[in-house]
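**Q** What follows is a structure written as structure tokens; I'll ask about it next.
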Amino acid sequence: MAIRDKVLKGEDFAKLAKSKDGGSEDPSAQTNGGDLGYFTAFQMVYPFENAAYNLKVGEVSMPVKTRFGYHILKVTDKRPARGTMKAAHLMIAANKQTDEADVIEKARVKANELYTKLVAGEKFEELVKAYSDDPSSASNGGVLPLFGTGATTRMIPEFEEAAFSLSKDGEFSKPIQSDFGFHIIRRIELTPLKSFDDLKKDIEGRVNRDERAGLTQNSYIEKLKKEYKLADQSAESIKWFEKNTDSSIYKGTFDVAKVPAAAKPLFTLDGKTYTQTDFVKYMNENPRLTRGNALNEVAKKVYPEWVNNTVVELEKTKLPVKYPEYKALMNEYHDGILLYEIMSDKVWNKAMKDTVGLKEFYEANKAKYTWEKRYDVVAYESVSPDVAKKVFKLAKKKISSDSISKVINDNTELNLRVRTGKFEVSKTPYLTNQPLKKGVNKPYAFDGKNYVIVLNEVIEAKNKELAEAKGLITSDYQTYLEKEWLKELEQKHKIKVNEEVLYSLGK
């Protein structure tokens, strides 16, 4: 308040911020005099932001408390949001505060020489790679994180001003000086501020993660306290905790027996009384809430939270009564979980575990699971006819497929693809309608590729063994079990359709 009075009496804000005796405890104030530049919503802690947005230009705030301390704010300017900027920079380092004048001048000359090269047509990225003193961006063409309205990154004011003054993508600025050196800024892309509808989801998410969400919750809890007629009687009896608790409360091992037999009431909510004993139990169950506080402060700190949590838990029990849609949704979840568990027990898990039943189902339906005519082959596939000819010659010499692959794909894996196994002829296009014989067959072209087929065996159509089609058979068995279960339900619970009512819905 004393400092605020000095500002109101006309003393210079920046000088007061920089003062060694009673000045700002923000280290950056020694260089910027407390000037934070422009900021927008969600870039400051909420109490700070809220105070700033409620001041007019030139006004000075009362001290504002945040988790960092107390702040005195003075709004020096306001402007519309500009959008988000993606930019790159070429930086020549020169510290305004510590470097000698000749060092700064040499940096200025170097920056101007580089600007001349850019004007002459030399590539920005190449000059950045060769000369930029910013190690974090030099390797990627000087590209910086997004900055501007809504972006998490904030730039120093002079840099931001220069970047946003560029009129089109690709344009670059003359060298501008900051505390860190000289920057040539290149605009990559400017994204104007999006509409509220486009930003709504993002804003909602940020609000929910921000301190202001707590204000909404607290307001809601206060409303519930009135609705459920909270009567707080703790003013006197809560003092008992300050005198009678001990360090065991920090570990959650406080002896409840120490609470007087006739435990005094602390508050009444919705007609129910909550006593000292209830409070001790709560603290024992939540020792983390008591840590970091002196014993005489524990009850004062934990008590309001206990009351609020009790109010919220009471409201949860009332939701099904107050909101029929919520009750219906909860019933739907409840019934859905029950149905899932029953289906698991009657159908899905049973099909997986009932090996006897699965085998009986397979035997009864064996005709459904058959192999068509198959070829046991080694199939060599290549784009080049010349490669196919080389493969044919090597295969005729009975060289293994692995060895052939190594020879042909010596320099690249793109020359040859090898497939081995048993393939159903009708479902393998490059085998269908080909006059293949046992042994090594001559190269032939199919669908833009060239094939050499080594036919080991022709396997005529036959039934699949259970192990060969277990996945498909299990799936069919599950379908069978579900149908049988539904039949059982239909026999137990007769369904009667009121057709008159049903067909009236279409009228």
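**Q** Being aliphatic (A, V, I, L, M) and surrounded by 13 or more Cβ atoms within 10 Å (Cβ to Cβ) is the filter; apply it to region 336-351 and report the residue that is modelled with the lowest pLDDT. Full working, then the answer.
**A** Going residue by residue through region 336-351, those that are aliphatic (A, V, I, L, M) are 337-339, 342-343, 347, 351.
Applying the additional criterion that residues be surrounded by 13 or more Cβ atoms within 10 Å (Cβ to Cβ) yields 343, 347, 351.
Values: M343: 91, V347: 90, A351: 87.
The selected residue is A351.
**Q** Kindly state which helices (runs of 4 or more DSSP H) lie completely within region 396-507 and contain at least 1 residues that are out of contact with any Ser or Thr (no Cβ under 9 Å at 6 or more places or on another chain) and farther than 23 Å from D386 by Cβ.
**A** Working: elements: 401-408, 470-492, 499-504.
Fully inside region 396-507 and qualifying: 470-492, 499-504.
**Q** Tell me yes or no: at least one residue of region 132-154 is more than 33 Å from the chain's Cα centre (by Cα) and surrounded by 13 or more Cβ atoms within 10 Å (Cβ to Cβ).
**A** The answer is yes, given that some residue of region 132-154 is more than 33 Å from the chain's Cα centre (by Cα) and surrounded by 13 or more Cβ atoms within 10 Å (Cβ to Cβ).
**Q** Yes or no: S426 out of contact with any helix residue (DSSP H, G or I) (no Cβ under 9 Å at 6 or more places or on another chain) and either of a type in the set (A, V, I, L, M, F, W, C) or exposed (fewer than 12 other Cβ atoms within 10 Å of the Cβ) (or both)?
**A** Numbers: out of contact with any helix residue (DSSP H, G or I) (no Cβ under 9 Å at 6 or more places or on another chain): yes; either of a type in the set (A, V, I, L, M, F, W, C) or exposed (fewer than 12 other Cβ atoms within 10 Å of the Cβ) (or both): no.
So S426 fails the test.
**Q** Pairs, please: C-beta under 9 Å, at least 6 apart or cross-chain, first residue at negative phi and in region 300-313, second of a type in the set (D, E) and not in a helix (DSSP H, G or I)?
**A** What qualifies is V307/D232.
**Q** Please enumerate the residues belonging to region 272-291 that are charged (D, E, K, R) and assigned to a strand (DSSP E or B).
**A** So the first thing to find is which residues in region 272-291 are charged (D, E, K, R), and the list is 272, 278, 281, 285, 288, 291.
Passing the criteria: only K272.
**Q** Also: Sort out for me the strands (runs of 3 or more DSSP E) sitting completely within region 1-97 that have 1 or more residues that are among the β-branched types (V, I, T), in contact with a strand residue (DSSP E or B) (Cβ under 6 Å, 6 or more places away or on another chain) and free of Cβ contacts under 8 Å to residues at least 24 places away in the same chain. First the steps, then the outcome.
**A** Numbers: elements: 64-66, 69-71, 84-93.
The qualifying strands (runs of 3 or more DSSP E) are 64-66.
**Q** Go through (1) at pLDDT 95 or above; (2) surrounded by 13 or more Cβ atoms within 10 Å (Cβ to Cβ); (3) closer than 30 Å to E465 by Cα one by one and return the number of the condition F392 breaks.
**A** Evaluating F392 over (1) at pLDDT 95 or above; (2) surrounded by 13 or more Cβ atoms within 10 Å (Cβ to Cβ); (3) closer than 30 Å to E465 by Cα leaves (3) as the failure.
**Q** Which ones in region 177-210 are within 30 Å of L114 (Cα to Cα) and in contact with a Phe, Trp or Tyr (Cβ under 7 Å, 6 or more places away or on another chain)?
**A** Scanning region 177-210 gives S178, H183, I184, I185, R186.
**Q** For region 124-147, which positions are touching a strand residue (DSSP E or B) at 6+ places or on another chain (Cβ under 8 Å), outside any helix (DSSP H, G or I) and more than 14 Å from R186 (Cα to Cα)?
**A** Across region 124-147, the qualifying residues are D133, D134.
**Q** Only one residue in L466, L455, L431 is modelled with pLDDT under 95 and hydrophobic (A, V, I, L, M, F, W, C). Which one?
**A** Values: L455 fails: modelled with pLDDT under 95; L431 fails: modelled with pLDDT under 95.
Answer to the check: L466.
**Q** Taking the residues in region 440-461 that are closer than 13 Å to L416 by Cβ and more than 50 Å from the chain's Cα centre (by Cα) as candidates, determine which candidate is surrounded by the most Cβ atoms within 10 Å (Cβ to Cβ).
**A** Step one: filter region 440-461 for residues closer than 13 Å to L416 by Cβ, giving 443, 449-452.
Pick out the ones that are also more than 50 Å from the chain's Cα centre (by Cα) and you get 443, 452.
Working: P443: 20, V452: 27.
Restricting to residues being closer than 13 Å to L416 by Cβ and more than 50 Å from the chain's Cα centre (by Cα), the top hit is V452.
**Q** All but one of (1) outside the structural domain of E113 (by TED's automatic domain parsing); (2) modelled with pLDDT of 95 or more; (3) buried (at least 16 other Cβ atoms within 10 Å of the Cβ) hold for L55; which doesn't?
**A** All conditions pass for L55, except number (3).
**Q** Quick one: which of E360, E297 is in the same structural domain as D246 (by TED's automatic domain parsing), acidic (D, E) and surrounded by 10 or more Cβ atoms within 10 Å (Cβ to Cβ)? Spell out the reasoning first.
**A** Values: E360 fails: in the same structural domain as D246 (by TED's automatic domain parsing).
Exactly one residue qualifies, and that residue is E297.
**Q** Another question about this same structure. Is it the case, given these coordinates, that K318 is farther than 30 Å from W485 by Cβ, among the charged types (D, E, K, R) and surrounded by 11 or more Cβ atoms within 10 Å (Cβ to Cβ)?
**A** Details: farther than 30 Å from W485 by Cβ: yes; among the charged types (D, E, K, R): yes; surrounded by 11 or more Cβ atoms within 10 Å (Cβ to Cβ): yes.
When the stated conditions are applied, K318 passes them.
**Q** So which of F361, F279, F267 ends up being under 30 Å from L486 (Cα atoms) and in contact with a Phe, Trp or Tyr (Cβ under 9 Å, 6 or more places away or on another chain)?
**A** From the options F361, F279, F267, the qualifying one is F361.
The values are calculated or read from the model by the stated rules, or taken from the named source; none is laboratory data. Please read these numbers as outputs of a predicted model, since none were measured by experiment. Positions of Cβ are backbone-derived with ideal geometry, glycine not excepted, and every protein chain shown enters the neighbour counts.
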